[in-house]
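Have a look at the structure below before the remarks.
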Amino acid sequence: MTPTTKNKLQSLIHGLDMKDCHIVFNMLEDRRREIQSEKKLSFSVGDLVEWTSRKRGTKVQGRILKVNRITIIIQENNSPTQWKVSPSFLSLVKEKKSA
């Protein structure tokens, strides 16, 4: 988003009353759900993915076990730990081809 667009948007938001704020909030929530749903479709069971753990503060890698409606279940590499992660936090990892 450009600074000009951001400033225009901020100006519009400051002019809203409470009713309009609720309307805009609902529109943003709908868009967020659309984006998350689109992102979820880019993942499949067996894909190698990574994300940054809020608990550990480090990158974690694992394989997708299941794609749920809202979250994706991942088996952490070299660990019995399973994670439920929002698709918006995940990135596909390109696997190295063995020679």
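Where a number appears in this text, it was derived from the coordinates with a stated rule and is not lab data. Keep in mind that this is a model prediction, so the values were computed, not measured. In this analysis, Cβ positions are derived from the backbone assuming ideal geometry, glycine residues included, and neighbour counts consider all displayed protein chains.
With axes computed from alpha carbons, what is the tilt in degrees of helix 3-14 against the longest principal axis of the chain, rounded to the nearest 10 within 0 to 90? Between helix and principal axis, roughly 60 degrees. Pairs of Cα atoms nearer than 8 Å and 6+ residues apart set the relative contact order; for the chain it is 20 percent. Dividing the C-alpha radius of gyration of segment 27-99 by 2.2 N^0.38 Å, with N its residue count, gives 1.16.
Sequence-distant or interchain residues sharing an amide H contact under 5 Å with Asn77, placed H: which? Here the answer is Gln61, Gly62, Arg63, since their amide H atoms fall under 5 Å of that of Asn77. Each peptide in 62-72, 14-24 was scored by the mean count of other Cβ atoms within 10 Å over its residues; highest first, the order is 62-72, 14-24.
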